[in-house]
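See structure below.
The values are calculated or read from the model by the stated rules, or taken from the named source; none is laboratory data. Remember, predicted model here, so these are calculated numbers, not experimental data. Cβ atoms come from the backbone with ideal geometry, glycine included; neighbour counts cover every protein chain shown.
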Amino acid sequence: MAEPARRLEPQSVSDTSAKATPVILLVDDDEITRMGMAGRLKRLGYRVIEAGDGNAGLTAIRAQRPDLVILDWMMPGMDGPSVCEAIRADPELKSSQVVLMTAHDRPEQIAEGLSRGADDFLSKAASKQEVLARVQASLRSSALVRQIEHTRDDLDRSHRLLSAKQAELESELQSAADFVRAQLPLPGMPAAGVSMQWAYQPSLALGGDLFQVCSWGADALGLYILDASGHGVAAALRAVALMSFLREDNLAKAVGSLDPGAIITEANRLFPLTQDGEYFTLWVGRLDISSRMLSYATAGHSGAFLQAAGNGSRWLSMASLPLGFDPHSIFESMHTPLLSLDRLYLLSDGIYEAPSPTGELWGRPRLQATLEAHRSHSLGQSIADTMATARQWLAGDVFPDDVALLGLEMLESVTCHKERA
Amino acid sequence: MQITERRIGEAVILDLVGELTYANRATFKASVERSKASGVRHLILNMQGVRFLDSSALGTLALLTQSLNVTKGTIGLLNPQSYVKEILTLANLHQLLPVYHSEPEALAACSLRKAG
């Protein structure tokens, strides 16, 4: 019988006290029994604190957080099972490891003790070996519970840190998105005789599809839509860089011309493929306000649709490579007159590549048919209705890609005499 | 995406199966880089088993074409199917990348380019 105890003793203490000597709280109103048990535990290498009744025991648990609580069953005032219940009811203490100590070990008493919150039982008459074995087992459980609690606390801390970081990033992204949105044109009348409306819905906070309609000199409107490949911050930053290039004052210096073909040819030279193969597609137009002659050129962007008031609706695109695919490409301008009530739509591929729940793309023919169906509505209404139809196709509100739909309408009053002429 | 490499003379045919997209761009590029590092100058991408190609893949192909041009190498696409063919045409990529309809035709083109 002595053999196992000799094997257990040194191992028990070293195992459970690798970092610190385990602390055991002993709660017993009988001083003699308490001193006896405390002595046995101390001789086994544990640090022992003592309490003479249930209330003092609870106070000691809160103050010292022992690794193990050994409670006498029979005590005046709060008995052992009541202390157990108080421990389990306290969120701060409920994971404590508790062993009930009794003079008897009747099955019904054991069942009651376990049901009221004890983890194990120890007979006052237990041998040294049994005391050691039960204390060791309880301390192992206690150590595991502490470890789980530490891991949980670490996870909670990490989660709080991540949440704070996430909120910070989202706030920064939102600021950047607000900045990008502020670059977009104000709906209304960008020039006499021209009205303009748009809808824009980036797939993430920041979009890589941007567009602009602005004055290029006193008698022309510059218009463009660009699509930076990829998504998110990197695509948006690259898109804003190209947008800066396309500012009128910069074009005067960098290109020396407001001809769309010349602009795209220079952009093709200045915006090569990135090391990751990211690139832009770009459509640029220049609308002469007096003559209503539209010059345009495109680098791989096929999102310009001329909705003619009469016959002749068509896509204003031509075979061309995206920017940077071939640094030697020359882009030529095409020319077409716009007539009264003609509408010119600039749009991103995200709208006609909206997938249905079965994966079928909406497609340009359906988009075109939808625009035609809404032809009699106001420009703004037509754009809103077309977006609504795309969302119906998508069966949702969140498009997988950036969606931009901009419309320009040539108003009747200003230049109708020129058209008749 | 599954990529199998077959070396035929100075050319390598990469048999691609699956989708060529942003998500597997790194796998594709690594495979191509391995071929280039082994001294291959003529690369033929067998697109027969490629179901889908996104805009990111177009950029990757354009970048690859540029880098092979620098090293006097060649690249061609073999048998692109339906949707992929449409995307390549829409993006006008055939201006940069020759498309072949059979393996002998692709290999013969490599020999001609080499001779030229």
| field | Out of A:ALA199, A:ALA177, A:ALA167, sole residue that is within 24 Å of A:ASP397 (Cβ to Cβ) and surrounded by fewer than 12 Cβ atoms within 10 Å (Cβ to Cβ) | value | A:ALA167
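Could you list, in sequence order, all residues of the range B:91-103 that are in a helix (DSSP H, G or I) and exposed (fewer than 14 other Cβ atoms within 10 Å of the Cβ)?
The one that is in a helix (DSSP H, G or I) and exposed (fewer than 14 other Cβ atoms within 10 Å of the Cβ): B:GLN95.
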| If you check B:LEU112, B:LEU96, B:LEU68, which single one turns out to be over 12 Å from the mean Cα position of the chain (by Cα) and at pLDDT below 90? | B:LEU112
| query | Of all residues in the range A:269-315, which are within 14 Å of chain B (Cβ to nearest Cβ), hydrophobic (A, V, I, L, M, F, W, C) and not in a strand (DSSP E or B)? | reply | A:PHE271, A:LEU273
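Quick check on this structure: which one of A:LEU144, A:LEU139, A:LEU114, A:LEU161 is assigned to a helix (DSSP H, G or I), under 25 Å from A:LYS42 (Cβ atoms) and without any contact (Cβ under 8 Å) to a residue 60 or more places away in the chain? Spell out the reasoning first.
Working: A:LEU139 fails: without any contact (Cβ under 8 Å) to a residue 60 or more places away in the chain; A:LEU114 fails: under 25 Å from A:LYS42 (Cβ atoms); A:LEU161 fails: under 25 Å from A:LYS42 (Cβ atoms).
Sole residue among the options that is assigned to a helix (DSSP H, G or I), under 25 Å from A:LYS42 (Cβ atoms) and without any contact (Cβ under 8 Å) to a residue 60 or more places away in the chain: A:LEU144.
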| task | Answer yes or no: is there a residue in the range A:166-184 that is of a type outside the set (A, V, I, L, M, F, W, C) and more than 27 Å from A:GLY230 (Cβ to Cβ). | result | no
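Restricting attention to the range A:209-255, report how many residues are out of contact with any Asp or Glu (no Cβ under 9 Å at 6 or more places or on another chain) and assigned to a loop (DSSP other than H, G, I, E, B).
3
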| query | Taking the range A:316-332 as the region of interest, how many residues are small (Gly, Ala, Ser) and either outside any loop (DSSP other than H, G, I, E, B) or more than 9 Å from chain B (Cβ to nearest Cβ) (or both)? | reply | 1
| Do the conditions hold for B:LEU63, that is, is it within 14 Å of chain A (Cβ to nearest Cβ) and buried (at least 18 other Cβ atoms within 10 Å of the Cβ)? | yes
| query | Looking at (1) within 32 Å of the chain's Cα centre (by Cα); (2) crowded, with 17+ Cβ neighbours inside 10 Å; (3) of a type outside the set (Lys, Arg), which is the one condition that is false for A:GLN275? | reply | (2)
| query | Checking A:GLU92 against (1) without any contact (Cβ under 8 Å) to a residue 60 or more places away in the chain; (2) surrounded by fewer than 18 Cβ atoms within 10 Å (Cβ to Cβ); (3) over 50 Å from the mean Cα position of the chain (by Cα), which test does it fail? | reply | (3)
